[in-house]
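What follows is one structure encoded as structure tokens, with my remarks underneath.
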Amino acid sequence: MSIFWNCWIIVLTLTNLVLLFWLLMANRKRAVTGDYNGETKTTGHVYDGIEEYDNPLPRWWFGLFLATFIFAVGYLIAYPGLGAWKGLLGWTSTNQLETEHAKAKAVYDETFGEFAKMPIDQLAKNPEAMKMGSRLFLNNCAVCHGSDASGNFGFPNLMDKDWLYGGEPERIKETLVLGRQAMMPAWGAILSEANVVNVVEYVLQGAGRDHDAAKAELGKAIYTTNCVACHGADSKGNHLVGAPNLTDDIWLYGAPTTEELGTTLRQTIRNGRAGVMPAQAEILKPERIHLLAAYVYSLSQDDAK
């Protein structure tokens, strides 16, 4: 702060205090009666037939104002408020924030620290830990996966046993820490539209849906040439690359009817898909991620349903 602004704030503040003190003392005693007509003096303010007397402040009210003034002077001596003056107590908002953080950390470290020592599968059976995990999920994950973790169009259902990158405790924790970047390439420019349709019929066949058998047979060759590398020869997917299982009839971008599913699958193959799971390592502390991983793991366990 420059010398000018430092002096400006000090002068302005002290001037206001002096003027307020003068105003307070000047109105401490005023005549209650005694105008020239022998009547009680009024201020001349009338509202709804009620006149305002020109009486002095009640003693308790005056005392309250005086105490407030004394408090203000004491505050400006103890705390910053007069330009660059730091106050006798040396208080700053930064120091207070750091102190509050230290207190909160001591409390949370004691609780989360104990849970961080437990294996995820064991932690998932701890009711107290799961209550805390539920709150973490609602605050950080529900916006995409839903408050009940049942997912949404393009966001996985975390309550079933279908996992793109594996449902083992450490794989779930890895997903939370590092995030995921899914990529289904667009095949529309490589395959003809007819071949896109044929591949979809083959996928519908593998999922046990109604399909065109002749087109599915043609699609099998296209699938073997272009899709096996990620989804596998048995179409059961690959957790290492996040390729979904195409045989369990669980669809990230699916639809309830076969007709709607066929339309969605054709769009997926034709245009591709790109999904992002944000990394939480820079957002949540390790012990919170550990607890959150345990909660997510618990959702797909039979004893949690």
Across segment 265-276, what is the total count of residues that are over 19 Å from Ala229 (Cβ atoms) and modelled with pLDDT under 95?
1
Using the structure shown, decide if Gly154 is touching a residue at least 12 places away in the same chain (Cβ under 8 Å) and open to solvent by less than 40 Å² (accessible area, probe 1.4 Å).
yes
Working carefully through the options Tyr75, Tyr108, find the one that is more than 25 Å from Asn27 (Cα to Cα) and either in contact with a Ser or Thr (Cβ under 7 Å, 6 or more places away or on another chain) or in a helix (DSSP H, G or I) (or both).
Tyr108
What about Arg288, is it modelled with pLDDT under 95, crowded, with 16+ Cβ neighbours inside 10 Å and of a type outside the set (A, V, I, L, M)?
yes
Looking only at segment 181-220, which residues are in a strand (DSSP E or B) and touching a helix residue (DSSP H, G or I) at 6+ places or on another chain (Cβ under 8 Å)?
Met184
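Is one or more of the residues making up segment 34-54 closer than 24 Å to Tyr75 by Cβ and modelled with pLDDT of 75 or more?
No, segment 34-54 contains no residue that is closer than 24 Å to Tyr75 by Cβ and modelled with pLDDT of 75 or more.
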For segment 253-282, name all the residues that are open to solvent by less than 60 Å² (accessible area, probe 1.4 Å) and either in a loop (DSSP other than H, G, I, E, B) or of a type in the set (Asp, Glu) (or both).
Tyr253, Gly254, Ala255, Gly272, Ala279, Gln280, Ala281
Would you please name the residue that is least open to solvent (accessible area, probe 1.4 Å), looking only at residues in segment 78-103 that are under 24 Å from Asn6 (Cα atoms) and part of a helix (DSSP H, G or I)?
Ala78
Could you tell me which residue of segment 115-129 is most open to solvent (accessible area, probe 1.4 Å), considering only residues that are among the small types (Gly, Ala, Ser) and in contact with a Phe, Trp or Tyr (Cβ under 6 Å, 6 or more places away or on another chain)?
Ala124
Flagged in segment 221-238 as outside any helix (DSSP H, G or I) and open to solvent by 80 Å² or more (accessible area, probe 1.4 Å), in numbering order, are Ala233, Asp234, Lys236
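The values are calculated or read from the model by the stated rules, or taken from the named source; none is laboratory data. Everything quoted here is computed from the prediction, not taken from an experiment. FYI the Cβ positions are ideal-geometry reconstructions off the backbone, even for glycines, and counts take in every protein chain you see. SASA here: full protein model, heavy atoms, side chains in, ligands and nucleic acids out. Shrake-Rupley method; radii C 1.70, N 1.55, O 1.52, S 1.80 Å.
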